[in-house]
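Visitor: Structure below; questions to follow.
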Amino acid sequence: MTKKVKKIKNSHFGLLLNYLSINTLKAEYNEHALLKGLANNDSKAVETLYKCHFGMIQHFVTNNNGSFDDARDIFQEAMIALYEKVQHESFSLTCQIKTYLFSICKHLWLKRLQQMGKYSSPLNSEEEAISVTSDIEEAAQKDAAFDIMDRALNSLGEPCKGLLEGYYLNKKGMQELADEFGYTNSDNAKNQKYKCLMRLKKLFFAQYNIGD
Amino acid sequence: MDDIQLLETIERYLLGELSPTEAAQFESMRKTTPEIDQMVAEHSMFINEMANYANRKNFSKLSEITFNTLFDAGAWTPVNEQSTTYKVIQLWHRYKKVTAIAATVGGFIALITTIMTLYFSPSLNGSQVLQLSKAIEIIKTNQLAQGNLLNEVKTKLPENAVLISGGTGFLIDTKGYIITNAHVLKGNKAMVISSDGKELNADIIYTDQAADLALLKINDADFVSPKTIPYSIRKKTSELGEEVYTLGYPRNDNDIVYGKGYLSAKTGFDGDSNAYQLQISANPGYSGAPVFNENAELIGIINTRQKQLEGVAFAIKSAKIFDLIAASDKTNGDFKNLKNQRSNSSSKSDRKKQISNLEGYIYNIRSFN
């Protein structure tokens, strides 16, 4: 009789273990699917990330000398950093998305507070954070490249800017662009596009080669 | 072919839109014309940057729209900052007095300085010029004295040695193992000179002419082995457009020279997958010079440059160092540290600091018979 009880207990324990491991597996799978969605610009994935994690960042920023708008900007920056990280083939996340986003936000917010001269250490937070220095550095490097391209594009003027954005950003066809910008045919539009591209390249490399 | 047509062809080539015959034609053109090869590398990097830009721009928009929709649906209630003003005001109160005193003292000093300057400057102008020329005289004599001293220090070159070739090399191990190019060692003996001018004898341990790499070991009692090597060696291929820099000894004197550029293609001359193409100015003497990325990770070794084209150089990928070590017979455990070296003590410092950290590990190589 006692033996039987033990056996039942054991099997119960086993079931419990099973249930737990399935649950963590499920969570891992969800996180993975979420990141994959993010990499593919899936709006559902972006929405889920906002719904699950923005509250935490809002709480953190507003409890540390920041406003709701600050929280929005910081979270947006962290989302971009995560987005660019998952674009890499070799990408791997060694922690939960929540921890990662929080760590990036914490780092960015600290930096901004220091720039405003408001920083008083340490920051109040209940969340755990990991070191993200190399990710932040990489993100800063990408920011710099992005800014150079942005400045170069904006100093082009129309119709060059619109033409290149239409082609490279919005992936419009040459005919569509010809209609939009009033070129007689797609070949003319294409010719103009390459002229603009040459100007953009010149502007871009002039900045890029100087560096900072 | 005019520039626009050329650009169009390059772009279509990179996007894989050329027909097989067109592509083959273009590739042979690319091989024979270095200018075109360079344009392809540059454009591929540019298109890459453009794609990154487009991705981020589109994603930012998506992210913003998502936020706004959720916000309008009432997902969050904005709670604004709670204590900012309070803390700042408190600080102001605390330091008000100090600030006031500092301002007064500052103003007072400024006043005195102005008065002193006005009082002294007209009479001093003449003597300043004089003083300067005197100082130059002193420097001159100093230099002479140093010159004499330098001559007194005996060079370690054997008396009948004939200098044959030279280049740059760098330490990969605290025991004095140095990597350089095989073509730097045209003579059968070698000597290395540290950035502070110390001459050290070195043995040639292993050369691989095909890979154009060589392994030296400093064999000199004057060698002070460092505690660590401040850079790690990258095993993975680096990214297009990555900013890189190098340190080498292209000049006749022993002054180390810094050069900066970017990685313009993931393959070297003629599509060589063991090398990178760099946009960097490299002169003779840079052979064997290490190429670092922004985090002071060693990513390559400069070995050749494009003859007809200014500013294009090729560097052997750093992963080849590991092949060389495996191939050399010296795998007797000396390199345990190197293989596991993941730490990189220079990665977080700024460029100037990185350079001053690194230059002590980079040597001027002389080869003689």
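The values are calculated or read from the model by the stated rules, or taken from the named source; none is laboratory data. Here the structure is a predicted model, which is why all the values come from computation and not from measurement. Reconstructed Cβ throughout: ideal geometry from the backbone, glycine too, with neighbour counts over all protein chains shown.
Visitor: Looking at the range A:44-62, which of its residues are buried (at least 16 other Cβ atoms within 10 Å of the Cβ) and more than 7 Å from chain B (Cβ to nearest Cβ)? Give the steps one after another, and end with the answer.
Guide: Just the residues of the range A:44-62 that are buried (at least 16 other Cβ atoms within 10 Å of the Cβ), to begin with: A:45-50, A:53-54, A:56-62.
Passing the criteria: A:ALA45, A:THR48, A:LEU49, A:HIS53, A:MET56, A:ILE57, A:HIS59, A:PHE60, A:VAL61.
Visitor: Collect the residues in the range B:174-184 that are surrounded by fewer than 24 Cβ atoms within 10 Å (Cβ to Cβ) and within 19 Å of B:VAL162 (Cβ to Cβ), keeping them in residue-number order.
Guide: B:HIS183, the sole residue that qualifies.
Visitor: Considering only the range A:63-83, state which residues are more than 7 Å from chain B (Cβ to nearest Cβ) and within 13 Å of the chain's Cα centre (by Cα).
Guide: Of everything in the range A:63-83, those that are more than 7 Å from chain B (Cβ to nearest Cβ) and within 13 Å of the chain's Cα centre (by Cα) turn out to be A:ASP73, A:ILE74, A:PHE75, A:GLU77, A:ALA78, A:ALA81, A:LEU82.
Visitor: Next question, about the same structure. Using the structure shown, decide if B:THR246 is over 24 Å from the mean Cα position of the chain (by Cα), in a strand (DSSP E or B) and under 30 Å from B:ALA41 (Cβ atoms).
Guide: On the way: over 24 Å from the mean Cα position of the chain (by Cα): no; in a strand (DSSP E or B): yes; under 30 Å from B:ALA41 (Cβ atoms): yes.
In short, no.
Visitor: So, in the range B:271-284, exactly how many residues are out of contact with any helix residue (DSSP H, G or I) (no Cβ under 7 Å at 6 or more places or on another chain), surrounded by fewer than 20 Cβ atoms within 10 Å (Cβ to Cβ) and not in a helix (DSSP H, G or I)?
Guide: 5
Visitor: If we keep just the residues of the range B:33-68 that are small (Gly, Ala, Ser) and more than 7 Å from chain A (Cβ to nearest Cβ), which is surrounded by the most Cβ atoms within 10 Å (Cβ to Cβ)?
Guide: B:ALA41
Visitor: Taking B:LYS175 as the residue in question, decide whether it is more than 21 Å from the chain's Cα centre (by Cα), part of a loop (DSSP other than H, G, I, E, B) and either without any contact (Cβ under 8 Å) to a residue 60 or more places away in the chain or closer than 30 Å to B:SER28 by Cα (or both). Give the steps one after another, and end with the answer.
Guide: Details: more than 21 Å from the chain's Cα centre (by Cα): yes; part of a loop (DSSP other than H, G, I, E, B): yes; either without any contact (Cβ under 8 Å) to a residue 60 or more places away in the chain or closer than 30 Å to B:SER28 by Cα (or both): no.
Considered against the rule, which asks whether it is more than 21 Å from the chain's Cα centre (by Cα), part of a loop (DSSP other than H, G, I, E, B) and either without any contact (Cβ under 8 Å) to a residue 60 or more places away in the chain or closer than 30 Å to B:SER28 by Cα (or both), B:LYS175 comes out as no.
Visitor: Does A:ALA152 qualify as being within 11 Å of another protein chain (Cβ to nearest Cβ) and surrounded by 17 or more Cβ atoms within 10 Å (Cβ to Cβ)? I'd like the intermediate steps shown before the answer.
Guide: On the way: within 11 Å of another protein chain (Cβ to nearest Cβ): yes; surrounded by 17 or more Cβ atoms within 10 Å (Cβ to Cβ): yes.
Yes.
Visitor: Then there is this: Report yes if some residue within the range A:176-187 is of a type in the set (Val, Ile, Thr), farther than 30 Å from A:HIS59 by Cβ, at pLDDT 80 or above and in a loop (DSSP other than H, G, I, E, B); otherwise report no.
Guide: Residues of the range A:176-187 that are of a type in the set (Val, Ile, Thr), as a first pass: A:184.
Filter again for farther than 30 Å from A:HIS59 by Cβ, leaving A:184.
Retained after the next criterion (residues that are at pLDDT 80 or above): A:184.
The next check asks that each one be in a loop (DSSP other than H, G, I, E, B); those that pass are A:184.
There is at least one residue in the range A:176-187 that is of a type in the set (Val, Ile, Thr), farther than 30 Å from A:HIS59 by Cβ, at pLDDT 80 or above and in a loop (DSSP other than H, G, I, E, B).
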